[in-house]
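One structure is given below, encoded as structure tokens.
The values are calculated or read from the model by the stated rules, or taken from the named source; none is laboratory data. These numbers were taken from a predicted model, which means no experiment stands behind them. Note that each Cβ is placed from the backbone with ideal geometry, even for glycine, and that neighbours are counted across all protein chains shown.
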Amino acid sequence: MSKLLLIGSLKNKKDPSKTGGTVVLFELLLNELNERKIVFDVIDTLKENYPNPTIAYLFTSFKLIKHFGKYEFISLQATNNSLILLGPIMVFLSKLFKKKTSIRKFAGDLDSVYKNSNFLKKFIIRYVLKNTNVNFFETKYLVNYFHKFNKNTYWFPNVRKQVITPKIPRSFNKRFIYIGTINEEKGIDEIIAISDQLNDDYYTLDLYGPILESKYTEELFQQKKVNYGGSLNPTDVIDVLDSYDVLILPSYREGYPGVIIEAFSLGIPVIATRLQGIMEMVQDGMNGLLIDVKESAQLKNAIESINHETYAVLSENALKSFSNFNSEEQTNLFLKRIGIEM
């Protein structure tokens, strides 16, 4: 079987709780490959797993150069930094050894990074994307933007594995949940603003996540009709979500939020803001409801517009939407497109 080399960020060895979204997605891909008995090796790029960032870069570069020739397929699971720092090395070696390469770019901001970069950085990004066999981006708007550099450019969204098979239709008990960091750009002010304005006392509005700004306190939440549940262990998110009816995410800035995918896997619809990435996930009136940024009145109206009848439709469509973000299906497409047969 063909040998695959993956370059990406593994779990933080010093503090596994400090695990970002790119690590979660990379580890999930590795698990999927193991399940398929795909033979692969990994070069860890997480700088926290090395004495300092310089040593991290030198070690990963040295290991890549030393072992590159052993592999038929090489895939860089890239952040912005690794795309710019390791991408050129991978491309140069692929030409030298005539190997097949791919890049999976995490996050949804490379278009703005490219537009705001100097000449040299733009050249590096173009050079890497043009000379890689296959490129994957997390959002469709990035696929459309960077397709001009390489026709073999595909969508590889944020994904999750389905942990619980929900019973559809779900019952609607007016239980709304927010999961994420507690800071202003997540729309927490809008949630607080409407918390005591809902038309009846049967609504539940609960927040979970670490408090990042001092203006948000447990005392403040207690004064409002908001229940603060503290931070959640990532392994507990699905079980907690499953006890609610609707996810709310009135953020000012997002890519492809993993929590929306986790909600869809349970058949839970979403109320979220009209952001470029979110609008590729949530179709207004189908699998959720969309509101404008910083519009607390729209958030209140969206919450109150959901009833038992509309909820059944939203819930069913939310579950159907999960197929687009199912890790098993997307991993199969990834392997097919880079040329590995199962």
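Check whether at least one residue in the range 249-267 is assigned by TED's automatic domain parsing to the domain that holds Ile188, part of a loop (DSSP other than H, G, I, E, B), under 16 Å from Tyr203 (Cα atoms) and modelled with pLDDT under 95, and report yes or no. Looking for residues that are assigned by TED's automatic domain parsing to the domain that holds Ile188, part of a loop (DSSP other than H, G, I, E, B), under 16 Å from Tyr203 (Cα atoms) and modelled with pLDDT under 95, one finds none in the range 249-267, hence no.
Inspection of the range 280-293 identifies no residue that is more than 22 Å from Pro157 (Cβ to Cβ), in a helix (DSSP H, G or I) and not assigned by TED's automatic domain parsing to the domain that holds Gly108. Residues of the range 94-141 that are surrounded by 15 or more Cβ atoms within 10 Å (Cβ to Cβ), out of contact with any Ser or Thr (no Cβ under 6 Å at 6 or more places or on another chain), hydrophobic (A, V, I, L, M, F, W, C) and not in a loop (DSSP other than H, G, I, E, B): Leu110, Val113, Ile124, Ile125, Val128, Leu129, Phe136, Phe137.
Filtering Asn301, Asn326 for residues that are closer than 30 Å to Lys100 by Cα and modelled with pLDDT of 95 or more leaves a single hit, Asn326. Restricted to the range 209-250, and to residues that are of a type outside the set (A, V, I, L, M, F, W, C), within 26 Å of the chain's Cα centre (by Cα) and over 30 Å from Leu319 (Cβ atoms), which residue is surrounded by the most Cβ atoms within 10 Å (Cβ to Cβ)? By that ranking, first place goes to Tyr216.
Yes/no per residue for (1) over 30 Å from Gln276 (Cα atoms); (2) among the polar types (S, T, N, Q); (3) under 26 Å from the mean Cα position of the chain (by Cα):
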site	(1), (2), (3)
Phe68	yes, no, no
Thr79	no, yes, yes
Lys99	yes, no, no
Gly108	no, no, yes
Phe119	no, no, no
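With respect to the conditions (1) in contact with a helix residue (DSSP H, G or I) (Cβ under 7 Å, 6 or more places away or on another chain); (2) on the phi > 0 side of the Ramachandran plot, Gly285 lacks only one, and its number is (1).
Out of contact with any strand residue (DSSP E or B) (no Cβ under 6 Å at 6 or more places or on another chain), touching a residue at least 12 places away in the same chain (Cβ under 8 Å), crowded, with 18+ Cβ neighbours inside 10 Å and among the β-branched types (Val, Ile, Thr): does that describe Val91? When the stated conditions are applied, Val91 passes them.
Of the residues making up the range 6-22, at least one is of a type in the set (Gly, Ala, Ser), in contact (Cβ under 8 Å) with a residue 60 or more places away in the chain and in a helix (DSSP H, G or I).
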